[in-house]
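Note sheet for the following structure.
Please treat every number below as a calculation from the coordinates, not as lab data. Computed from a prediction, not measured in an experiment: that's the story for all the values here. Glycine gets a Cβ as well: all are built from the backbone with ideal geometry, and neighbour counts include every protein chain shown.
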Amino acid sequence: MAEATLLISSKNYSSWSLRGFLLARLSGIDFVEERVSPEDPRTKAELLMRTSSILIPCLIHGDVSVWDTIAIAEYLNESKPLARMLPEEQRARARCRSISGEIHSGFTALRSSLPMNIRFRKPGFTIWSAAQADIDHICDMWRDCLTTWGGPFLFGARPSIADAMYAPVVTRFMSYDVALDAACQSYGATVLAWPDMAEWVAAALEEPQEIDELDLDF
């Protein structure tokens, strides 16, 4: 019997579910997935960003239920310290927490203009200035981390909480044909080659559900 259950929604559309999955895999916790239908009204509201309450993913571990990806990350980091989900160096841990918190609560223009849709491809997609400002800031952070800690992940050789948090951004850049410099392209390729990420993407491409509001031809 698995140690925990992770409630998720759509693998194609749900950036929050992807983060929860990668965090659980990073921790090494033995878990099973349980799907909540994207057509569930509260889940669909989350996917369409029509609610401020993000209740999926939710990790159920014994008598503990944890939702919100930052809360899940901190809970798993405390529960599975040997997994080293945060960098060892204090300065790196501080930066990891800071940039993870920023993607968790910010970049609203990017979220609304480039919603996650792994199956979607739009060459030459027009990116408005507010979303481009978010993209530029994210790339600045990526380059700074890669330069400071040597890559190929943001804080060195191993993925961390921050890489799980930014993985959906990598899919957005791929879907909407975002132009990236060599360093950010290389980082994106590293994330997509991460076995847990590759597993998720493969499942998303086979997922039968479609949400018309997120499959519009922009």
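Give me, ordered by chain and number, the residues 5 or more places off Glu33 or on other chains with an amide H under 5 Å from its own placed amide H.
Leu6
Jot down the radius of gyration and Dmax of segment 90-202, Cα atoms only, both in angstrom.
My reading of the Cα-based Rg and Dmax gives 13.4, 41 Å.
Enumerate the calculated ³J(HN,Hα) couplings along segment 85-99 in order (Karplus 6.51 cos²θ - 1.76 cosθ + 1.60, θ = phi - 60°), each rounded to whole Hz, writing x wherever the residue is Gly or Pro.
5, 9, x, 6, 6, 4, 4, 5, 4, 4, 5, 4, 5, 5, 6
Given labels modelled 7 Å from the Cα in the Cβ direction, how far is it in nm from Glu199 to Thr148?
Reported label-point gap for Glu199 and Thr148 is 3.1 nm.
In deg cm²/dmol, rounded to 500, what helix-only [θ] at 222 nm does the chain give when every DSSP H run of at least 4 residues adds -39500 (n - 2.57) and the total is split over its residues?
On the way: 9 runs with 113 residues, N = 218.
Helix-only estimate at 222 nm: -16500 deg cm²/dmol.
How do Val64, Val169, Val201 rank when sorted from fewest to most other Cβ atoms within 10 Å of their own Cβ? Display every interim value, and only then the final one.
Details: Val64 10, Val169 24, Val201 21.
Ascending number of Cβ neighbours within 10 Å: Val64, Val201, Val169.
Quick check: Cα centre of segment 69-110 to Cα centre of segment 136-196, how many Å?
Using only Cα atoms to place each centre, the spacing works out to 15 Å.
Would you mind classifying the chain by shape? Square roots of the alpha carbon gyration tensor eigenvalues, ordered a ≥ b ≥ c; an a/c under 1.5 is rounded, otherwise it is prolate if a/b is larger than b/c and oblate if not. List each step's numbers first, then the result.
On the way: a/c = 1.65, a/b = 1.04, b/c = 1.58.
Here the chain falls in the oblate category.
What is the chain's relative contact order, in percent, from Cα pairs under 8 angstrom and six or more apart in sequence? If you can, show how the numbers build up before the last one.
Numbers: 300 pairs, mean separation 53.6, N = 218.
For the chain, the relative contact order is 25 percent.
Extension gain Ala182-Arg35, at 0.36 nm per residue separation less the Cα-Cα distance, in nm?
Using 0.36 nm per residue and subtracting the Cα-Cα distance, I get 49.3 nm.
Order these peptides, 86-93, 142-149, 171-178, by their mean beta-carbon neighbour count within 10 angstrom, highest first.
Values: 86-93: 14.9, 142-149: 17.2, 171-178: 19.9.
Put in order of decreasing packing, that is 171-178, 142-149, 86-93.
Between Ile60 and Ser98, what is the FRET efficiency for a Förster distance of 35 Å, r being their Cβ-Cβ separation, to the nearest 0.05? Don't skip to the end; give the middle numbers.
Working: r = 29 Å, r/R0 = 0.82.
Here the calculated transfer efficiency is 0.75.
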